[in-house]
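Engineer: The structure under discussion is supplied below as structure tokens; questions concerning it will follow.
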């Protein structure tokens, strides 16, 4: 039975990845912070006895390098999926130092823990399309990085740390440059989930308006459940490398609103209020990924359309509120 370690296992991506690996018969270990409020809702279905593999949770922190070494030695994983980060772009402007420490240096600490422990694990780094920032679309593996937030800057650091450990120590270390990926498990402070939850709340009579920032920003949005398959395929590849994972389509926040409210029979223009408080100090206007390398070398393609993704999220939030 292969052994996998997931940092950020309680998050959106971590829960979908754990679900995938368990279905493949893995022994899955997840790291959670002792100080965090672990969202059992995302993980509770892993314990229903229907999966071939097993899931164990361990306390750990990316600020604790010695603890990371001990975990590596104790678990001895075959594969390490590093998903944990301070991953909210707007928050990174408010907490740049914390974001740099966790998202950037935390990756270096984990890579070093693998090296020092001597465990020959394959390593996956969750890189981000935010690294491209102001670089013109479409963006692929050769596109120059131009991050426009402390989060993007920290992810660039983590990206190059992964490449450095691959080249310096011969580690099987790969970067998955994932463009925006959403789901009903997305955190409520991210714009897509804020929209779909807002639709449900408006239908339920819990709020009257939805305040958002830049409606014209364009993103390449896919389904997180599809994207974790790409992560797994990277670590099954014959050699470590860096891959863009995206749909190859871009849609604006305005389009997302139109579809989300339309799913509920509403006109978004009657409910959405543009609020300058939600504008970033430096905007990323247009992210559009080119996933052709992942398709060619990994055989990965997205299975969920943009319209289906929006409908899935709206329906899930409406079900929660009975709206």
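Engineer: What does the convex hull of the alpha-carbon atoms of the stretch 43-146 project to on average, in nm²?
Structural biologist: With the hull built on Cα positions only, its mean projection is 9.2 nm².
Engineer: Kindly rank 281-294, 117-130 from highest to lowest mean number of other beta carbons found within 10 Å of each residue.
Structural biologist: Numbers: 281-294: 19.0, 117-130: 22.1.
Peptide ranking by packing, descending: 117-130, 281-294.
Engineer: Report the Rg/Rh value for the chain, based on alpha-carbon coordinates and the Kirkwood definition of Rh.
Structural biologist: Dividing the radius of gyration by the Kirkwood radius yields 0.96.
Engineer: Could you give the length gained by full extension between residue 308 and residue 115, i.e. 0.36 nm per residue of separation minus their alpha carbon distance, to one decimal place?
Structural biologist: That works out to 65.3 nm of additional length.
Engineer: Follow-up question, since we're still on this one. Angle check, please: helix 253-263 long axis (alpha carbons) against the longest principal axis of the chain (alpha carbons), in degrees 0 to 90, nearest 10.
Structural biologist: Tilt relative to the chain: about 70 degrees.
Engineer: Can you give the helix-only mean residue ellipticity at 222 nm for the chain, where every DSSP H stretch with n ≥ 4 adds -39500 (n - 2.57) and the sum goes over all residues, rounded to the nearest 500 deg cm²/dmol?
Structural biologist: Per the formula, -12000 deg cm²/dmol.
Engineer: I need the calculated FRET efficiency for the pair residue 98 and residue 215, taking r as the beta carbon distance and R₀ as 35 Å, to the nearest 0.05.
Structural biologist: Using R0 = 35 Å, I get an efficiency of 0.75.
Engineer: On to the next question. If you count, for each residue, the other Cβ atoms within 10 Å and average over each peptide, how do 184-196, 71-83, 7-19 line up from highest to lowest?
Structural biologist: Answer by packing, highest mean first, reads 7-19, 71-83, 184-196.
Engineer: How big is Rg to Rh over the stretch 226-275, alpha-carbon atoms, Rh as the Kirkwood inverse-mean-distance radius?
Structural biologist: We get a ratio of 1.27 for the stretch 226-275.
Engineer: Angle, helix 150-169 long axis vs. longest principal axis of the chain, Cα atoms, 0 to 90°, nearest 10?
Structural biologist: The angle comes out near 20 degrees.
Engineer: Here is a follow-up. Give the shape of the stretch 244-323 as rounded, prolate or oblate, defined through the alpha-carbon gyration tensor: a ≥ b ≥ c are the square roots of its eigenvalues, a/c under 1.5 means rounded, and otherwise the shape is prolate if a/b is larger than b/c and oblate if not.
Structural biologist: Verdict is oblate for the stretch 244-323.
Engineer: In whole percent, what relative contact order does the chain give with Cα contacts below 8 Å and a gap of six or more residues?
Structural biologist: 17 percent
Engineer: Which of the three applies to the stretch 203-249, rounded, prolate or oblate, going by the alpha-carbon gyration tensor with a ≥ b ≥ c and a/c under 1.5 meaning rounded?
Structural biologist: Working: a/c = 4.76, a/b = 2.45, b/c = 1.94.
Here the stretch 203-249 falls in the prolate category.
Engineer: Separate question: Please give the Cα centre distance for the stretch 108-159 versus the stretch 191-239, rounded to the nearest Å.
Structural biologist: Taking the Cα centre of each part, the stretch 108-159 and the stretch 191-239 sit 21 Å apart.
Engineer: While we're here: Tell me, what is the percent relative contact order of the stretch 198-266, built from C-alpha pairs under 8 Å that lie six or more residues apart?
Structural biologist: Computed over the stretch 198-266, the figure is 43 percent.
Engineer: Helix 65-75 sits at what angle to the longest principal axis of the chain, using alpha carbons and giving 0 to 90 degrees rounded to 10?
Structural biologist: So the helix axis and the longest Cα principal axis differ by about 70 degrees.
Engineer: Roughly what % of DSSP beta bridges within the chain run antiparallel, to the nearest 5?
Structural biologist: Antiparallel: roughly 5 percent of the beta bridges in the chain.
Engineer: I would also like to ask the following. What FRET efficiency comes out for the pair residue 321/residue 283, r = Cβ-Cβ distance, R0 = 35 Å, nearest 0.05?
Structural biologist: Numbers: r = 32 Å, r/R0 = 0.90.
Computed FRET efficiency for residue 321 and residue 283 comes out at 0.65.
Since every read-out is calculated from the coordinates, none of them should be taken as a lab result. The model shown is predicted, which means the values in this text are computed figures rather than measured ones. Glycine gets a Cβ as well: all are built from the backbone with ideal geometry, and neighbour counts include every protein chain shown.
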